[in-house]
Structure formats: structure tokens, C-alpha cells
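So the structure is just underneath, and the comments pick up after that.
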Amino acid sequence: MSVSEVASGQKSAVSELSFDWTAPAACPERGDVLARIANRLQLPERGGPQWHVEARVLTKRSQYELELSVRRDGSEPRMRSLRASDCGALADATAVLVALALEPQPYAATAPDGSVPDADGTAVEGTADIRARSPEPKEARAPDVLERKAAAAPKTPPVRAAAEADQPAAEGGGTQSWPVRVGLGASLRVNFGMLPQSPGFGGVAQIQLRLRRLRAAAGVSLFPRAESTSAKYPAARMRTQAWLGEGLLGVAVVEQPLSLVPYAVVEYGSVTADTRRIAVPDAQEIRWTAVGVGAQIGYRLIGGFEFCLDVTGLTPLSRPRWWVRTDQGDLTLFEAATVAVSTSAGFVYVFE
């Protein structure tokens with residue numbers, strides 16, 4: 001048989017293969033994986049059954065995880081789950097496992113003990129005996145060892161095509177499993193323009209939920225008591241303490257190991273202020289609600305730890321104003337800026 005006939009058979013087999021490949025941007029593309037499958041295929045039998053392959057690669061901490069489903073028309077799917085630090089290695093493993101499934105197994109049909117091939121094309125009995133008498137070359141044995149190791153890995157549900165990822169599960173099946181991850185974080189924050197002491201320094205505690213690329217977070221920040229002066233009324237001193245609660249919703253546009261997440265944020269704040277060194281002291285508690293946008297840059301370190309840097313711009317729905325009542329009337333000590341800016345840096349641990 002000529003080389004061109006073999007190549008033509010390989011191309012025909014791959015073109016008839018239903019192949020769905022979903023992976024991060026750092027992984028090989030679908031066409032590259034198909035080429036690797038074709039390079040490992042021997043000339044298939046004519047008129048064989050249609051094969052359906054669904055492969056999906058997820059990022060798990062500092063590794064990649066492959067979820068593979070291989071199914072032939074009229075048979076149940078075979079599932080595999082593999083992990084590797086290099087996504088290219090998972091692409092090679094996908095090519096090996098798919099090629100092994102597509103290649104015909106002629107030894108099963110001629111087993112001397114009369115065994116009948118099962119639905120996957122392998123003999124139910126006598127397979128080991130046949131292989132012992134007809135040893136395979138090294139090139140064939142290495143993938144076989146890989147297949148046996150993959151068979152011992154934990155089995156996962158079959159992965160559906162990316163186009164169906166946001167649709168309900170098919171009739172008769174369960175609901176789609178969503179890889180929800182939880183993160184706990186702590187940061188140091190600097191606030192400009194919203195508080196009397198500017199810049200104001202505080203600490204942040206935050207909990208995150210990550211659903212694919214979608215990010216949701218809720219947090220609270222505390223700014224300890226600090227004293228400041230007023231340019232409009234130098235004789236007064238303001239002592240303020242503040243806490244702010246916030247909710248964020250964003251989408252990751254870049255992922256692993258460096259991530260970029262633009263988000264929308266709503267903030268609810270409360271500040272208690274008292275004035276000193278004036279004839280008529282006055283204490284106030286000011287509350288406000290602000291909305292804005294921001295962005296988070298994250299970098300995966302070791303395990304589930306990530307370093308995160310946030311920058312946020314906020315507009316108060318009503319500008320907080322601190323004032324003091326005197327015999328000459330109310331004097332403004334501080335009024336929040338129309339647009340306030342805050343930035344924070346810290347660490348998040350993501351549970352997977």
C-alpha cells in the first residue's frame with residue numbers, strides 16, 4: 001500500500017469524526033489536535049461506524065485537566081480524565097486515545113478461542129493470549145500503556161459541545177455540572193476622594209464565587225479612626241471611622257496564569273465623624289450608596305494562591321458632606337468628590 005493511500009485513509013477517517021474541542025487559549029487549537037489524531041491513525045476499515053468525541057480542558061490550580069468522552073454510534077460513551085502541567089501533553093493524550101478507539105482491532109475477530117468482539121471492537125476473552133503470540137512494536141505498546149493508565153483514572157460525565165454549554169441537560173440526563181470555585185481574599189486598600197482623610201488606608205475581607213469566566217464577589221472594608229483637618233475651617237479637627245460594604249460582578253477576559261477581570265461595583269458606606277477644637281462640637285453619621293466600574297489583575301502563584309490588584313472608580317448617588325453647626329451657620333468641613341478612586345492589593349486563595 002502506498003504512502004498516499006495511507007494518508008488519504010487517515011484524512012478520510014478524521015473528516016468523518018465528530019470532534020468537539022474546548023480548551024483555554026494557551027492550549028493547542030482544534031485543528032492541531034485533529035492533525036495529531038491523523039498522524040497516529042493507521043488505515044481504517046471502509047464503511048466503519050461514526051465516532052463522536054468531546055474533549056474539554058479545564059484549569060485546575062496550576063495544572064490542566066482533560067475530560068474526554070469517546071462514543072461510537074449505537075454504544076455507550078467511554079470517559080477519561082487526565083491531568084498534566086502542560087496542555088500540549090493533554091492534546092497528545094487525546095490524539096492517542098482517540099486514535100486507539102478509531103483504529104480497527106483485527107486480532108479480535110480471529111481469536112483462536114472463538115471469542116466475539118464487544119461493542120467497542122475488542123475481544124471479550126483471549127485478548128492477552130493473542131497479543132502474547134503476536135507482539136506489537138514499541139510504537140504500538142506505548143499508547144496501549146497510556147490507555148490502561150487513563151482507564152484507571154476517575155471517570156467523569158461526558159462533556160457536551162461548547163455551543164450547548166449554556167443549555168439545560170438533554171432529556172433523560174441530569175443537570176449540567178458547573179465548575180463553581182470559591183475564593184477567600186484579604187487586601188490593603190487606599191481610598192481617594194470619598195473620606196475626609198485622603199488618602200485613607202484600610203483593610204478588606206472578601207469572598208468570591210467563580211463560575212467559568214463569570215466572577216461575583218462581596219466584601220467589606222474597614223478604615224480605622226483617623227484625624228484630619230479642613231481647609232475650609234482650619235480651627236476644626238475631624239476624627240472619622242468608616243466601613244464600606246461592596247458587591248462586584250465581572251467577567252474574566254484573560255485567564256491563567258495572568259487574569260484580567262473588568263467588573264461593575266456597588267458600594268454602601270457609613271462614616272462616623274466628630275469634630276474637635278471648636279466652640280460648638282458636632283457628631284454625625286453619614287451613609288451613602290455609590291456605583292462604579294473597576295478592573296482586577298490577578299496572577300496565579302503556588303497552589304490556589306493568587307496575587308490581586310484592583311482599581312475602582314465610584315460615583316456617589318448623593319455626595320457625602322460633613323459639616324458643623326456654628327453661630328454663623330452651617331460650615332462644610334468636607335464634601336466627597338464627584339468621582340472617587342480606590343485601589344487595593346492583596347491575596348486570594350481559591351478552593352477547587
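Values as computed for the structure displayed
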read-out: Ranked PHE347, PHE223, criterion: other C-beta atoms within 10 Å, fewest first; value: PHE347, PHE223
read-out: Region 180-351: relative contact order as a whole-number percent, Cα under 8 Å and 6+ apart; value: 23 percent
read-out: Difference of contour (0.36 nm per residue) and Cα-Cα distance, SER85 to ILE297; value: 74.1 nm
read-out: Relative exposure of THR332, THR338, THR343, judged by other C-beta atoms within 10 Å (fewest first); value: THR338, THR332, THR343
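None of the figures in this text is laboratory data; all of them are computed from the coordinates on show. The model shown is predicted, which means the values in this text are computed figures rather than measured ones. All Cβ positions, glycine included, derive from the backbone under ideal geometry; neighbour counts span all protein chains shown.
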